Amino acid sequence: MSSRSISWEVTSQTTPDAFERYVYGMADLYEVSGVSDHDRLNFYNHSRTTLTDVGAVGHGRSVRQTLARSPATLRRSDVDGLNLLVNRAAVVGDADGRSVRAAPGAVQLRDLSRPVASRLDRVDVTTLIVSRSVAPACLLSREAHGAVIPPEAPGARLLTAHLTSLDELSASLTDDEVEAGIQALLLVAARMTGFEVSLAPADVAALQRSVRRQAKGFIESRLAAGEAGITNDAVAKAAGVSRASLYRAFDEDGGVNRYIQDRRLHHARRALRRRSGAAPTIADIAYAYGFASPSHFSRQFRARFGYSPSEVEPLSPPRDVSLSDGPIRHEIMVGWLKALQDIPDLG
């Protein structure tokens, strides 16, 4: 994958089904509701997005609406990771049971694996979405989900300036420059929110990134080939290090076994979404991805995603929405973000 930029400016006057296309294109990212009849008739959506190997950065404007990731959305969505955003209008909502209020210009954090609902006076948002493997663990903690940095805080002003500049310049930057800008933004966010964890010395961190890159590439290649029996010894050998060094390199991921388990669950969930009817069965998928039994798989799946394998739902378009090419292309961004879940950060 290499970076690309997409943009559009449409209204219901120029594209009669603009609202319907917008709702469908956003469905795997956020569920859209609360749009008045007046705003449907006068709907508009102006968006630009630059897509990279670590995520997407962009800006969008649209009408007053509610954006949510409900339990049902989470069950069918292939998009995961961290959403850092700045909306220029007021936002009220709920983040997994916690009330959220953000003044215009506040910086907000959302873990896309947790429920969230936001009522926006209008959409005027600059946003960054990165895959889960790229986001600092501290920004994916329960405490960070729904966190708001008020616009008057120096940290919010710094993050907003950085995010805005990255959005405006990303289309003209190289892939490496965009990714460096994203990594810097995430580091600043970790520090400014107060959720930062201790960082290893630079030389140790560089070595561990190299070990993780080799190990993750090996793990992913085995799972993609349908080989779920992955031992720590095999991973260590592929990375060219001892088991002790491998374990230290994966401390930030909760351990190499937890990482492998998470990737097994990810591949199993994608297999569940791609089923035709009841084939293959949940038991077939459980065994295929190395789980001891269907019940063990179900327990681990629920613990990771918050719902059972039997609740996984495929995403199908409503019958009254055409899928012919049109000017609103949120599905390109969503498809890109889905693909990132199959290309874990190798750093």
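The values are calculated or read from the model by the stated rules, or taken from the named source; none is laboratory data. As the structure is a computational prediction, the values presented were derived from the model and not from experiment. Here the Cβ is made from the backbone with ideal geometry for all residues, glycine too, and neighbour counts use every protein chain on show.
Is it fair to say VAL35 is in contact (Cβ under 8 Å) with a residue 24 or more places away in the chain and not in a strand (DSSP E or B)? The answer is yes for VAL35. Residues being within 18 Å of the chain's Cα centre (by Cα) and more than 29 Å from TYR44 (Cβ to Cβ) are represented in segment 87-97 by at least one member. Going by the structure shown, is ALA268 at pLDDT 70 or above, surrounded by fewer than 16 Cβ atoms within 10 Å (Cβ to Cβ) and not assigned by TED's automatic domain parsing to the domain that holds ALA56? No, not satisfied. Within segment 144-179, being among the small types (Gly, Ala, Ser) and loosely packed, with under 14 Cβ neighbours inside 10 Å holds for ALA161, SER165, SER172. When restricted to residues that are of a type in the set (D, E, K, R) and part of a loop (DSSP other than H, G, I, E, B), segment 146-159 contains 1. Among the residues that make up segment 188-201, is at least one of them in the same structural domain as ARG64 (by TED's automatic domain parsing), in contact with a Gly (Cβ under 6 Å, 6 or more places away or on another chain) and either part of a helix (DSSP H, G or I) or modelled with pLDDT of 80 or more (or both)? Yes. Return the only residue of THR73, THR50, THR127 being under 22 Å from ALA18 (Cβ atoms), of a type in the set (Val, Ile, Thr), in a strand (DSSP E or B) and touching a strand residue (DSSP E or B) at 6+ places or on another chain (Cβ under 6 Å). Being under 22 Å from ALA18 (Cβ atoms), of a type in the set (Val, Ile, Thr), in a strand (DSSP E or B) and touching a strand residue (DSSP E or B) at 6+ places or on another chain (Cβ under 6 Å) holds for just one of THR73, THR50, THR127, which is THR127. State yes or no: is VAL256 surrounded by 18 or more Cβ atoms within 10 Å (Cβ to Cβ), at pLDDT 80 or above, among the β-branched types (Val, Ile, Thr) and within 26 Å of SER141 (Cβ to Cβ)? So VAL256 passes the test. Has segment 132-145 got any residue that is out of contact with any strand residue (DSSP E or B) (no Cβ under 7 Å at 6 or more places or on another chain) and part of a helix (DSSP H, G or I)? The answer is yes; a qualifying residue exists. Counting only residues that are under 20 Å from the mean Cα position of the chain (by Cα) and aliphatic (A, V, I, L, M), which one in segment 291-316 is farthest from ASN257 (Cα to Cα)? So, considering only residues that are under 20 Å from the mean Cα position of the chain (by Cα) and aliphatic (A, V, I, L, M), the one farthest from ASN257 (Cα to Cα) is LEU315. Going through LEU82, LEU29, LEU51, LEU74 one at a time, which residue ends up being closer than 30 Å to ALA268 by Cβ and in contact with an Asp or Glu (Cβ under 7 Å, 6 or more places away or on another chain)? Result of the check over LEU82, LEU29, LEU51, LEU74: LEU82. Could we say that GLU179 is at pLDDT below 85, in a helix (DSSP H, G or I) and over 27 Å from PHE291 (Cα atoms) here? Answer is yes for this residue. For segment 49-60, check the following and say yes or no: at least one residue is buried (at least 20 other Cβ atoms within 10 Å of the Cβ), farther than 22 Å from TRP8 by Cβ, in the same structural domain as ASP167 (by TED's automatic domain parsing) and modelled with pLDDT of 95 or more. No, segment 49-60 contains no residue that is buried (at least 20 other Cβ atoms within 10 Å of the Cβ), farther than 22 Å from TRP8 by Cβ, in the same structural domain as ASP167 (by TED's automatic domain parsing) and modelled with pLDDT of 95 or more.
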